[in-house]
Amino acid sequence: MLSKLIRRTHMYLALFLTPWILMYALSTMAMNHRDFFAQLRGGSDASYAMESAGVYPGTFPPGAKPREMARRILRHLGLDGTHYVQRAPETGHLTIYRESPLVTRRITYTPADRRLVVEKAAFRTPSFLEELHRRRGFEHDYPLEDAWGFIVDIVIAGIVFWVLSGVWMWLQLAGTRRLGLLFAGCGLALFVVFLSTI
Amino acid sequence: MTFHRFVRRLHLYLGLFLLPWFLLYGISSVLFSHGRYFEGLYNDGKPNWTVRFDRPYRIEIPASADQRAAGERILRDAGLKGAFGTYRPNGREFHVYVYDFWSATQLKYYADRGRLVAEDRRFRLDHMLTGMHARGGFTQSSFLDDAWAVTVDLACLGMIAWIASGLYMWWKLSQTRAWGALALAGGATHFALFLLVL
């Protein structure tokens, strides 16, 4: 009964988390070969195309912090969500990066004339994968971001469970112990070599 | 050996060989996912960096210079070697970060003051694990660094092989197809929803 429970949990958890594991595998390869993919597209910088321009109709309270201003601007644009903001110390320009897996936008706000420019980053598969890989939740004020962070924690728990349950299932298969030990020993030895040399 | 048996053994032995990498990526992901919490654990007043030396030094690094070549020169002059990265925060400073799995040293060259400062990082388990997690790519010149990057690729291919072989094994267990399809579809739906709403 216990054996069946462990085997089924191993399998169903893996089936549910398949998209995440596939994403982490592909994104790790994209990052491991970042220079190659950058060369393929002829440069590493993201390219942005103008999406819209306008004037921000609201005002900010005196001494408003960039984070608060960014949130108001994003709400005005209907783009509220995970973002990073920078303020140029001399001009007061705000640059907001609204990070979404499928579309990353750069919003620039010029305080002198309250001008807003929204630009859209060109979609690139390696960047899309890397953005998903690096996304981890619990760092922003958005519940959806925390939900993603929770799923990432489930993936982590899943990985640890697969390792433990995998070893347990291997030990149940008496016919595979010797060869299994050889593979496990070789993997561990190689890992230790790396750990002590680089 | 039948194809079915081959797939089962591939799933198992690949898992056993790559177990240290999979465990490393799983455990270290917790540190990324809950970075603030773990950072708080080391909030003991001890500095993360300790000055090893601060001495006069002067070289020309033009803005158009190859940063890796400049980094190599500074490392050589400082009597250090190993995997490294460079960072130029502004026209007056040039940083070289040299590291292995256990330790890290940063060299800060201040062109305007003509000084080179070397600082050693305090050992922290969380830094070690996140450093191992993030290490990869083929930008270093040593064979062992490239070999590590190859094992990173191998771990990614391993994950893809687990997915493919796992799906095959699930499909062969006819009594689990309905629940498995539900788990797979549930995961895929959640993933797609996150892509759309984040």
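The values are calculated or read from the model by the stated rules, or taken from the named source; none is laboratory data. As the structure is a prediction and not an experimental result, all values here were calculated from the model. With ideal geometry, Cβ positions are generated from the backbone for all residues, glycine too; neighbour counts draw on all protein chains shown. Just so you know, the surface numbers come from the protein's heavy atoms only, side chains and all, with ligands and any DNA or RNA stripped out. Shrake-Rupley method; radii C 1.70, N 1.55, O 1.52, S 1.80 Å.
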Inset, instruction - Scan region B:168-185 for residues that are basic (Lys, Arg) and either touching a residue at least 40 places away in the same chain (Cβ under 8 Å) or away from every other protein chain (no Cβ under 11 Å) (or both) and jot them down. - result: B:Lys172
Inset, instruction - Go over the candidates A:Ala112, A:Ala122 one by one and state the one that is closer than 20 Å to A:Met31 by Cα, away from chain B (no Cβ under 11 Å), of a type in the set (A, V, I, L, M) and open to solvent by 40 Å² or more (accessible area, probe 1.4 Å). - result: A:Ala122
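Please go through region B:11-20 and pick out each residue that is within 7 Å of chain A (Cβ to nearest Cβ) and not aliphatic (A, V, I, L, M).
Just the residues of region B:11-20 that are within 7 Å of chain A (Cβ to nearest Cβ), to begin with: B:12-13, B:15-20.
Across region B:11-20, the qualifying residues are B:Tyr13, B:Gly15, B:Phe17, B:Pro20.
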Legend entry - Subset of region B:64-86 [open to solvent by 70 Å² or more (accessible area, probe 1.4 Å) and part of a loop (DSSP other than H, G, I, E, B)]: B:Ser64, B:Asp66, B:Lys81
Inset, instruction - Please indicate, with yes or no, whether at least one residue in region B:131-152 is in contact with a Ser or Thr (Cβ under 7 Å, 6 or more places away or on another chain) and open to solvent by 40 Å² or more (accessible area, probe 1.4 Å). - result: yes
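Return a yes/no flag: does region B:106-119 have any residue that is open to solvent by 60 Å² or more (accessible area, probe 1.4 Å), in contact (Cβ under 8 Å) with a residue 60 or more places away in the chain and away from chain A (no Cβ under 13 Å). If you could, list the steps in order and put the result at the bottom.
Applying the first criterion (open to solvent by 60 Å² or more (accessible area, probe 1.4 Å)) to region B:106-119 yields B:112-113, B:115.
Still in the list and also in contact (Cβ under 8 Å) with a residue 60 or more places away in the chain: B:115.
Now drop any that are not away from chain A (no Cβ under 13 Å), which leaves B:115.
Yes: region B:106-119 contains one or more residues that are open to solvent by 60 Å² or more (accessible area, probe 1.4 Å), in contact (Cβ under 8 Å) with a residue 60 or more places away in the chain and away from chain A (no Cβ under 13 Å).
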Legend entry - Selection count where residues are touching a residue at least 60 places away in the same chain (Cβ under 8 Å) and either closer than 30 Å to B:Ala188 by Cα or not assigned by TED's automatic domain parsing to the domain that holds A:Gly137 (or both), scope region A:153-191: 9
Legend entry - Residue that is most open to solvent (accessible area, probe 1.4 Å) [pool: residues in region A:28-60 that are touching a residue at least 24 places away in the same chain (Cβ under 8 Å) and β-branched (Val, Ile, Thr)]: A:Val55
Inset, instruction - Can you tell me which residue among A:Arg34, A:Arg7, A:Arg41 is within 14 Å of another protein chain (Cβ to nearest Cβ), of a type outside the set (Gly, Ala, Ser), under 30 Å from B:Leu154 (Cα atoms) and under 26 Å from the mean Cα position of the chain (by Cα)? - result: A:Arg34
Inset, instruction - Scan region B:174-198 for residues that are among the polar types (S, T, N, Q) and either outside any helix (DSSP H, G or I) or within 11 Å of A:Leu15 (Cβ to Cβ) (or both) and report the count. - result: 1
